[in-house]
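Inspection log for the structure reproduced underneath, given as structure tokens.
The values are calculated or read from the model by the stated rules, or taken from the named source; none is laboratory data. Everything numeric in this text was worked out from a predicted model, so none of it was measured. Note that we place each Cβ from the backbone using ideal geometry, even for glycine, and neighbour counts take in every protein chain shown. Keep in mind that these areas ignore ligands, DNA and RNA; they rest on the heavy atoms of the full protein, side chains included. Shrake-Rupley method; radii C 1.70, N 1.55, O 1.52, S 1.80 Å.
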Amino acid sequence: MDISRLTASLPLIAPSLLAADFAHLAQDIRTLEEAGAEILHLDIMDGHFVPNLSFGVPVVEAIRRTTGLLLDVHLMLQNPEPYLSVFRKAGADMLSIHIEVAPDPRSMFDKIRQLGALPGLVSNPPTPVETMLPFVNECDLVLTMGVMAGFGGQLFNPGVLSKIRVIRECTPPETLISVDGGVGETTIADITAAGANMFVTGTALFGKPDVPAQFRHLRQLAAHDYKGNASPLASRRKNR
Ligand code: DX5
Ligand code: ZN
């Protein structure tokens, strides 16, 4: 996958389908396409790494059949490695794994690239940003959770803003810096200021009666203070 397709459209709102109506997913996705969405965030949970279950491969396949939008697949799995090719075959364009289960994620990044997808790295709020830094220039997406992974509708933890700032300083402008959990009208400005360029939104989007209007509103809020997020300290990505 060519990352320039995404970096040309920053900042991005990535709707999290966890908050959509599972009985009418195709309809909700069509609504998002019409509103101008370019990417969908899909949450895969195993009941072990997180104390919740969501949906799995057949649902991702079904979503792939119904849309050409990019699929950003967030793997909340204790053991993600065996599932990388499975979710890629199902239609994932981006596959993100948690640093908490992959202290050295490089071999999985390689595998994700070999499969033709973009690798991402995720951390939960209590996980120090230092654990991610050796790898943030080896992947295309760095995702900071604003809540403990596992459930939608939780309150954003402002303590993660400092993690986002550090990641922004250490990565080149084309790196996708995403935030997931508690992202919405009241938090998006601070998250943009910290340096994020991709905003996963579940409840703040699907919880509104007019989802297309809310999508455009959130995108405007994200774009308002967005300055391209280029950091003078950012080093060019190695080995690319
Ligand atoms: C939580 C998931 C999120 C979730 C976000 O573990 O990773 O993607 O859908 O939901 P909101 O936007 O409601 O916090
Ligand atoms: Zn997620």
- Query: How many lysine pairs does the chain hold where the Cα atoms are under 22 Å apart and the two sit 8 or more places apart or on different chains?
  - Reply: 4
- Note on the structure: Ranked output for segments 154-164, 175-185, 38-48 by mean other Cβ atoms within 10 Å, highest leading, reads 175-185, 38-48, 154-164
- Given only helices, namely DSSP H runs of n ≥ 4 each adding -39500 (n - 2.57), what is the per-residue ellipticity at 222 nm of the chain, to the nearest 500 deg cm²/dmol? -8500 deg cm²/dmol
- How large, in percent, is the carbon and sulfur part of the accessible surface of the stretch 28-111 at a probe radius of 1.4 Å? 50 percent
- Message: Take Q154 and E61, extend 7 Å from each Cα along the Cα→Cβ direction, and tell me the distance between the two endpoints in nm.
- Response: 3.1 nm
- Calculated FRET efficiency, D190 and E130, Cβ-Cβ r, R0 22 Å, to nearest 0.05? 0.50
- Query: Based on DSSP, what percent of beta bridges with both residues in the chain are antiparallel, to the nearest 5?
  - Reply: 5 percent
- Take peptides 54-62, 90-98, 76-84 and line them up by average Cβ neighbours within 10 Å, highest first, as a rough protection proxy. 90-98, 76-84, 54-62
